[in-house]
């Protein structure tokens with residue numbers, strides 16, 4: 001008979017475990033409050049960002065942004081120059097080496113002194129180069145005189 005009582009106790013203990021909630025009432029109330037607080041925060045963020053006015057940006061309908069990448073050939077290091085079309089890391093290093101050995105470039109045409117840059121490459125790179133003053137506009141540049149008095 002003692003064995004029968006212990007089996008009943010085990011069954012009743014197992015039944016109590018199944019009916020017991022995962023969280024106590026106070027814990028359930030705390031989780032519910034946090035969920036409501038999070039939802040209220042998301043709603044406030046949506047309103048502040050222009051949600052009801054339809055000002056949220058839909059990436060598929062957004063206007064594409066254009067970026068202008070211009071390089072100063074007298075100041076740029078080889079990683080910047082390597083980003084230009086038709087210029088890779090080796091040609092970019094040649095540009096820097098030529099600038100260090102022969103002095104700064106006075107205009108874009110001076111890039112032709114670099115082995116590997118011809119007229120076609122120069123024309124493809126030119127839109128990405130910062131404008132440079134003409135040779136006569138530079139202090140110390142040679143000024144041609146048209147006539148003498």
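Yes or no, residue by residue, for (1) outside the structural domain of residue 115 (by TED's automatic domain parsing); (2) modelled with pLDDT of 70 or more; (3) within 30 Å of residue 118 (Cβ to Cβ); (4) loosely packed, with under 11 Cβ neighbours inside 10 Å:
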{"position": "1", "(1), (2), (3), (4)": "yes, no, no, yes"}
{"position": "27", "(1), (2), (3), (4)": "yes, yes, no, no"}
{"position": "30", "(1), (2), (3), (4)": "yes, yes, no, no"}
{"position": "37", "(1), (2), (3), (4)": "yes, yes, no, yes"}
{"position": "41", "(1), (2), (3), (4)": "yes, yes, no, yes"}
{"position": "66", "(1), (2), (3), (4)": "yes, yes, yes, yes"}
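Could you check residue 60 against (1) within 22 Å of the chain's Cα centre (by Cα); (2) surrounded by 15 or more Cβ atoms within 10 Å (Cβ to Cβ) and say which number it fails? Of (1) within 22 Å of the chain's Cα centre (by Cα); (2) surrounded by 15 or more Cβ atoms within 10 Å (Cβ to Cβ), only one is false for residue 60: (2). Of all residues in segment 96-139, those being at pLDDT below 90 and more than 19 Å from residue 72 (Cβ to Cβ) number 1.
Segment 25-114 holds helices (runs of 4 or more DSSP H) entirely within its bounds, and those carrying 2 or more residues that are touching a strand residue (DSSP E or B) at 6+ places or on another chain (Cβ under 7 Å) and within 29 Å of residue 127 (Cα to Cα) map to 78-82.
The values are calculated or read from the model by the stated rules, or taken from the named source; none is laboratory data. Since we're looking at a predicted model, the values are computed, not measured. A quick note on method: Cβ atoms are made from the backbone with ideal geometry, for glycine too, and the neighbour counts reach across all protein chains shown.
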